[in-house]
Amino acid sequence: MAEILGICGSARKKGNTAALLKEVLKSTGMESELIFLSDLDIGFCSGCRICMKNRGKCAKDDDMKGLIDKILSSKAIVLGTPNFYYDVSGLMKNMIDRTVSTSYLGIGEYTGAEWHGWRPLVEKTGGIVITQAAFGGEKAEDTFNCFAEYSGLNLAGTVIASFGSQTVNEFPEYVDEAVELGKKIKKRIKGN
């Protein structure tokens, strides 16, 4: 399994979100994998709470189990999304919603609240990449921050990049920010 897992909430495999995620992963110098949520079959969370009653096992039989296994076995995750209507993409929000089952696996810090259970990503490092045409990425960042707080993910930083209708190649400053985020992630993992 990869030490650093990149999760892309954009369906554009050669788009700006994917390009910046690749820069973050590469700059860690660690074994990494980039997953495109658009390649996975991940159904919607139906709020049935079967995961709560069944030690984190979701009632849906889809690709989410394999993704959760990769998330839990990695040392860090980097989440990337385009800004759609001032928030994360539907692909990313759906993935975030489905990770609720991890709170009932008995992993991490116990919250003491039956309705929540465990925080399985406590001590795991995370990073965020948000791409957009112009503005509004802070709301998407809020969504990621809520996910991190709920799950226990320890965020190393965020890159919010505004491209208009241009590409990452025309904005070297955002590539530099992505490289710095990767270095921060590596530093947190290595502890120096």
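General observations
- Here GLY126 does not fit the description of being surrounded by fewer than 22 Cβ atoms within 10 Å (Cβ to Cβ), small (Gly, Ala, Ser) and in contact with a helix residue (DSSP H, G or I) (Cβ under 7 Å, 6 or more places away or on another chain).
- Extreme residue, modelled with the lowest pLDDT, among residues of the stretch 27-56 that are surrounded by 16 or more Cβ atoms within 10 Å (Cβ to Cβ) and in a helix (DSSP H, G or I): MET52
- Residue match in the stretch 173-189 (condition: aromatic (Phe, Trp, Tyr) and without any contact (Cβ under 8 Å) to a residue 60 or more places away in the chain): no
Matching residues to (1) of a type in the set (Gly, Ala, Ser); (2) touching a Gly at 6+ places or on another chain (Cβ under 9 Å); (3) surrounded by fewer than 19 Cβ atoms within 10 Å (Cβ to Cβ):
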site: TYR85; (1), (2), (3): no, yes, yes
site: GLY90; (1), (2), (3): yes, yes, yes
site: GLY106; (1), (2), (3): yes, yes, yes
site: TRP115; (1), (2), (3): no, no, yes
site: ALA133; (1), (2), (3): yes, yes, yes
site: LYS139; (1), (2), (3): no, no, yes
site: GLU149; (1), (2), (3): no, no, yes
site: ASN169; (1), (2), (3): no, no, yes
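- Restricting attention to the stretch 1-26, the residues that are in contact with a helix residue (DSSP H, G or I) (Cβ under 6 Å, 6 or more places away or on another chain) and assigned to a helix (DSSP H, G or I) add up to 5.
- Any hit, the stretch 82-103, residues being more than 26 Å from ASP63 (Cβ to Cβ) and touching a residue at least 12 places away in the same chain (Cβ under 8 Å): yes
- Qualifying residue in the stretch 73-84 (condition: over 28 Å from LYS26 (Cα atoms) and either of a type outside the set (D, E, K, R) or out of contact with any strand residue (DSSP E or B) (no Cβ under 7 Å at 6 or more places or on another chain) (or both)): no
- Among residues of the stretch 91-144, those that are over 29 Å from LYS13 (Cβ atoms) and not polar (S, T, N, Q), counted: 17
- Of the residues making up the stretch 166-192, just one is in contact with a Phe, Trp or Tyr (Cβ under 7 Å, 6 or more places away or on another chain) and either at pLDDT 95 or above or not in a helix (DSSP H, G or I) (or both), namely PHE171.
- Residue count for the stretch 86-128 under the criterion of being on the phi > 0 side of the Ramachandran plot and either touching a Ser or Thr at 6+ places or on another chain (Cβ under 8 Å) or not aromatic (Phe, Trp, Tyr) (or both): the result is 5.
The values are calculated or read from the model by the stated rules, or taken from the named source; none is laboratory data. Values in this document were obtained by computation on a predicted structure and should not be read as measured data. All Cβ positions, even for glycine, are placed from backbone atoms using ideal geometry, and neighbour counts span all protein chains on display.
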